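Q: This is the structure I want to talk about, given as structure tokens.
The values are calculated or read from the model by the stated rules, or taken from the named source; none is laboratory data. Predicted, not measured: the structure shown is a model, and the values here were computed from it. We place every Cβ from the backbone using ideal geometry, glycine too, and count neighbours over all the protein chains shown.
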Amino acid sequence: MKTTRYQKIFITGALGFVGRALAECYRAFGAEACGLDVRADSALNIVAGDVSKPEAWQSAMDGCDLVIHTAAIVTNNVAREEAWRVNVLGARRVLDAAIRARAKRFIHISSLAAMRFNVEDRADESAPVMPTGNPYVDTKIASEHVVLAAHAKGEIACTIIRPADVYGPGSRPWTVIPAQMIQKGLFLLPAHGKGIFRAIYIDDLVNGIMLSAEKDEGAGQIFILGGEQAVTCENFFGHYYRMLGKGSPRVMGTASAIAIAEIGRVVFKLLGRQTELGRGAMEMLSKKNTVSNQKARDLLGWYPQVDLEEGMRRTEVWLREQKIL
């Protein structure tokens with residue numbers, strides 16, 4: 001994609017990994033990009049606010065013809081009420097603001113986590129979803145319902161994106177945290193490392209999101225982006241081990257990995273420190289099914305262009321620039 005039909009784009013989570021990458025691309029195309037985050041950045045036209053509260057930030061959306069909602073709590077270790085407040089109520093508040101601003105399109109960034117219960121290989125967007133008791137998974141499912149209801153009612157044309165596991169420069173969950181945990185000897189893989197890591201490089205995700213907004217065929221649709229290639233967790237995270245000169249990933253059976261991760265989660269909680277260790281992470285890394293990108297190919301003409309080797313090469317350059325390696 002080399003151009004955009006939108007003149008002014010509002011992005012929630014605009015200083016986050018995906019939000020920042022989207023804003024940079026739209027600016028490169030000559031569009032005005034502004035947005036919302038938990039802290040302001042006047043140089044980038046980003047205001048501070050809470051997506052779950054109808055505050056002054058909503059007026060910053062005036063004049064925007066495209067709204068992309070990336071803001072969310074992205075962790076397995078969160079209280080259910082807090083996850084609902086940000087991920088579900090927040091989605092409705094942003095929709096309300098977009099409707100008042102008379103935006104033409106609303107793009108909601110969900111997650112493949114909405115399909116975590118599904119074990120069918122190459123499952124597509126028609127696969128039924130099911131709550132699991134995990135606050136992140138359940139609120140991602142619920143937020144999709146909020147967006148689809150708004151579209152069905154005719155309030156605004158909406159599209160839902162389910163990204164696979166997004167890695168690359170700036171990715172906290174799948175680049176920065178794994179590298180730091182490997183350095184500290186705290187990283188482990190369940191399913192003896194044979195779980196499938198459903199990877200997508202950040203540039204490919206940004207391209208897919210933008211295509212879904214540009215094409216009329218994207219309205220009212222859910223799109224899976226990434227996760228079609230079968231890459232084992234041992235293979236994916238092995239790249240970070242080699243970058244760090246740490247040998248091979250530490251692998252074990254899923255039950256043992258969950259037990260160790262849960263102990264780690266409790267210890268970190270007692271110390272008052274945030275961690276991604278726990279049952280949720282181990283269950284996710286033990287999944288052994290891929291998903292299908294066929295719908296995105298058919299309706300959007302989208303397909304991943306950055307393979308794992310090239311993506312990891314770019315990621316290593318960034319990690320060294322940031323002195324994380």
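Q: Show me the strands (runs of 3 or more DSSP E) entirely contained within region 128-233 in which 2 or more residues are over 30 Å from A255 (Cβ atoms).
A: 157-163, 222-225
Q: What's the number of the condition E228 fails, among (1) buried (at least 24 other Cβ atoms within 10 Å of the Cβ); (2) in contact with a strand residue (DSSP E or B) (Cβ under 8 Å, 6 or more places away or on another chain)?
A: Among (1) buried (at least 24 other Cβ atoms within 10 Å of the Cβ); (2) in contact with a strand residue (DSSP E or B) (Cβ under 8 Å, 6 or more places away or on another chain), the lone unmet condition for E228 is (1).
Q: List the helices (runs of 4 or more DSSP H) inside region 244-325, counting only whole elements, that have at least 2 residues being at pLDDT below 95 and within 30 Å of F223 (Cβ to Cβ).
A: Here the list reads 279-285.
Q: Something else about it: If you check every pair at least six apart or on different chains, which have Cβ atoms under 6 Å apart with a residue in region 41-54 that is more than 19 Å from A72 (Cα to Cα) first and a residue that is part of a loop (DSSP other than H, G, I, E, B) second?
A: From region 41-54, no pairs qualify.
Q: Right, next: Within region 298-311, is even one residue among the β-branched types (V, I, T), loosely packed, with under 14 Cβ neighbours inside 10 Å and within 30 Å of G208 (Cα to Cα)?
A: So far as region 298-311 goes, no, none of its residues is among the β-branched types (V, I, T), loosely packed, with under 14 Cβ neighbours inside 10 Å and within 30 Å of G208 (Cα to Cα).
Q: Report the residue count in region 85-105 for those that are within 19 Å of the chain's Cα centre (by Cα) and over 12 Å from V146 (Cα atoms).
A: 2
Q: Something else: Search region 201-226 for residues that are without any contact (Cβ under 8 Å) to a residue 60 or more places away in the chain and pair each with any residue that is among the acidic types (D, E) and assigned to a strand (DSSP E or B) when their beta-carbon atoms are under 7 Å apart and the residues are at least 6 apart or on different chains.
A: That search, which allows pairs on different chains as well, returns nothing.
Q: Counting only residues that are under 16 Å from the mean Cα position of the chain (by Cα) and part of a loop (DSSP other than H, G, I, E, B), which one in region 8-52 is nearest to A83 (Cα to Cα)?
A: G13
Q: Checking F223 against (1) crowded, with 17+ Cβ neighbours inside 10 Å; (2) within 17 Å of P190 (Cβ to Cβ), which single condition isn't satisfied?
A: Every condition holds for F223 apart from (2).
Q: Let me ask another. Residue pairs, Cβ under 6 Å, 6 or more apart or interchain, first in region 242-268 and within 17 Å of K194 (Cα to Cα) and buried (at least 17 other Cβ atoms within 10 Å of the Cβ), second modelled with pLDDT of 95 or more and acidic (D, E). List them.
A: If the second residue must be modelled with pLDDT of 95 or more and acidic (D, E), the pairs left are P249/E234.
Q: I'm checking my understanding of the structure. Among residues of region 150-173 that are within 25 Å of Y240 (Cβ to Cβ) and buried (at least 22 other Cβ atoms within 10 Å of the Cβ), which one is farthest from the chain's Cα centre (by Cα)?
A: Taking the candidates together, the pick is G168.
One line per residue, one yes/no per condition, for (1) among the β-branched types (V, I, T); (2) under 19 Å from T139 (Cβ atoms):
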residue	(1), (2)
A33	no, no
N45	no, no
A48	no, no
S52	no, yes
Q58	no, no
M61	no, no
I68	yes, yes
N76	no, yes
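Q: Hey, could you check region 55-76 for residues that are touching a helix residue (DSSP H, G or I) at 6+ places or on another chain (Cβ under 6 Å) and not hydrophobic (A, V, I, L, M, F, W, C) and say which is surrounded by the most Cβ atoms within 10 Å (Cβ to Cβ)?
A: H69
Q: Considering only region 97-131, how many residues are more than 24 Å from L36 (Cα to Cα) and free of Cβ contacts under 8 Å to residues at least 60 places away in the same chain?
A: Matching residues across region 97-131 total 8.
Q: Return the residues of region 250-278 that are of a type outside the set (A, V, I, L, M, F, W, C), out of contact with any Lys or Arg (no Cβ under 8 Å at 6 or more places or on another chain) and closer than 30 Å to D124 by Cβ; say none if nothing qualifies.
A: T254, E276 - these are the residues of region 250-278 that are of a type outside the set (A, V, I, L, M, F, W, C), out of contact with any Lys or Arg (no Cβ under 8 Å at 6 or more places or on another chain) and closer than 30 Å to D124 by Cβ.
Q: So, in region 102-119, exactly how many residues are outside any helix (DSSP H, G or I) and hydrophobic (A, V, I, L, M, F, W, C)?
A: Of region 102-119, the ones outside any helix (DSSP H, G or I) are 102-111, 116-119.
Filter once more, keeping what is hydrophobic (A, V, I, L, M, F, W, C): 103, 106-107, 109, 117, 119.
Here the count works out to 6.
Q: Also: Mind checking whether some residue in region 38-49 is among the hydroxyl-bearing types (S, T, Y) and crowded, with 19+ Cβ neighbours inside 10 Å?
A: Within region 38-49, not a single residue is among the hydroxyl-bearing types (S, T, Y) and crowded, with 19+ Cβ neighbours inside 10 Å.
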